[in-house]
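Colleague: So that we are looking at the same thing, I have put the structure below in structure tokens.
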Amino acid sequence: MVELSSEGKVVMGHIEKGGRQSPSPDELAVWREYVETAEALRQALAGGLQATSNVSPGDYAVLLALSEADEHRLRSSVLADGIGWERSRLSHHLGRMEKRGLVRRHRSGSDSRGAEIELTDDGARTFRSSSASHLRLVRRLFIDALAPEDLEAAGRVARRLRHHLRDFTLEQAAD
């Protein structure tokens with residue numbers, strides 16, 4: 001529960017049941033700035049990717065993972081985990097990509113229930129051609145906006161958040 005002042009602002013230092021402290025107004029302002037900026041950046045990158053190469057961010061995530069995989073193949077479950085998608089979402093997306101000739105699905109030789117996803121030659125060409133414009137946009141929208149020390153700090157923050165989220169997920173699984 002969050003307490004509000006008479007002006008409708010969050011009261012700093014409110015202790016919730018269980019001893020957890022809710023975010024202060026300054027902390028909430030940083031959180032909101034982060035969320036809104038991340039979303040604006042995601043939308044700008046997605047729009048640029050679609051406009052320059054007719055590839056969606058989802059397509060790009062799949063193509064990137066497969067391009068980095070041994071023999072350009074991954075089990076669908078490994079691919080889903082690697083890009084952070086539910087398996088059903090990946091399955092539907094792969095169906096659309098398969099119709100466009102970007103990927104090919106094969107039954108796994110070791111497990112009849114699983115499938116291996118392979119990057120096709122057309123998929124590799126699409127990935128290469130979309131990567132150049134995408135990386136230019138990453139430079140223009142993200143890297144060029146930050147001083148070298150800010151970029152380094154952003155990397156530290158991202159790594160710390162990722163480790164914290166991993167630990168949190170492990171804690172949740174143990175509960």
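To keep it simple, each residue is scored yes or no on (1) touching a Ser or Thr at 6+ places or on another chain (Cβ under 7 Å); (2) within 21 Å of V157 (Cβ to Cβ); (3) without any contact (Cβ under 8 Å) to a residue 24 or more places away in the chain.
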{"position": "V30", "(1), (2), (3)": "no, yes, yes"}
{"position": "E33", "(1), (2), (3)": "no, yes, yes"}
{"position": "L41", "(1), (2), (3)": "no, yes, no"}
{"position": "G47", "(1), (2), (3)": "no, no, yes"}
{"position": "L64", "(1), (2), (3)": "no, no, no"}
{"position": "S67", "(1), (2), (3)": "no, no, no"}
{"position": "D70", "(1), (2), (3)": "no, no, yes"}
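Matching residues to (1) without any contact (Cβ under 8 Å) to a residue 40 or more places away in the chain; (2) not acidic (D, E):
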| residue | (1), (2) |
| --- | --- |
| R125 | yes, yes |
| S130 | no, yes |
| R136 | yes, yes |
| E149 | yes, no |
| A153 | yes, yes |
| R156 | yes, yes |
| R160 | yes, yes |
| R166 | yes, yes |
| E171 | yes, no |
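Colleague: Within region 142-153, track down each residue that is in a helix (DSSP H, G or I), more than 16 Å from the chain's Cα centre (by Cα) and surrounded by 10 or more Cβ atoms within 10 Å (Cβ to Cβ).
Modeller: Just the residues of region 142-153 that are in a helix (DSSP H, G or I), to begin with: 142-143, 148-153.
Keeping just the survivors that are more than 16 Å from the chain's Cα centre (by Cα) gives 143, 148-153.
Residues satisfying the conditions are I143, D150, L151, E152, A153.
Colleague: Related question: Hey, W85 hits all of (1) assigned to a helix (DSSP H, G or I); (2) surrounded by 12 or more Cβ atoms within 10 Å (Cβ to Cβ) but one; which does it fall short on?
Modeller: W85 satisfies all of (1) assigned to a helix (DSSP H, G or I); (2) surrounded by 12 or more Cβ atoms within 10 Å (Cβ to Cβ) except (1).
Colleague: Further question on the same structure: For region 57-81, how many residues meet the condition of being touching an Asp or Glu at 6+ places or on another chain (Cβ under 9 Å), under 23 Å from R166 (Cα atoms) and not hydrophobic (A, V, I, L, M, F, W, C)?
Modeller: The number of residues fulfilling the criteria is 2.
Colleague: Restricting attention to region 23-65, and to residues there that are among the hydroxyl-bearing types (S, T, Y) and within 23 Å of A145 (Cβ to Cβ), which single residue is surrounded by the most Cβ atoms within 10 Å (Cβ to Cβ)?
Modeller: Start the filter on region 23-65 by keeping residues that are among the hydroxyl-bearing types (S, T, Y), which leaves 24, 34, 37, 52-53, 56, 60.
Subset that is within 23 Å of A145 (Cβ to Cβ): 34, 37, 52-53, 60.
Details: Y34: 12, T37: 10, T52: 15, S53: 18, Y60: 21.
Residue satisfying both the conditions and the ranking: Y60.
Colleague: Sort through L90, L74, L151 and tell me the only one that's modelled with pLDDT of 95 or more and under 18 Å from L41 (Cα atoms). Spell out the reasoning first.
Modeller: On the way: L90 fails: under 18 Å from L41 (Cα atoms); L74 fails: under 18 Å from L41 (Cα atoms).
Of the residues listed, the single one that is modelled with pLDDT of 95 or more and under 18 Å from L41 (Cα atoms) is L151.
Colleague: Okay, next question. With the requirement that a residue be in contact with a strand residue (DSSP E or B) (Cβ under 7 Å, 6 or more places away or on another chain) and either basic (K, R) or not in a helix (DSSP H, G or I) (or both), what does region 63-79 give you?
Modeller: R73, L74, R75, listed by residue number.
Colleague: Moving on to the next point. Which numbered condition trips up H106, out of (1) at pLDDT below 95; (2) closer than 30 Å to T37 by Cα; (3) over 20 Å from the mean Cα position of the chain (by Cα)?
Modeller: Going through the list (1) at pLDDT below 95; (2) closer than 30 Å to T37 by Cα; (3) over 20 Å from the mean Cα position of the chain (by Cα), H106 breaks only (2).
The values are calculated or read from the model by the stated rules, or taken from the named source; none is laboratory data. All values derive from a computational prediction rather than experimental measurement. Here Cβ is always computed from backbone atoms with ideal geometry, including for glycine, and neighbour counts include all displayed protein chains.
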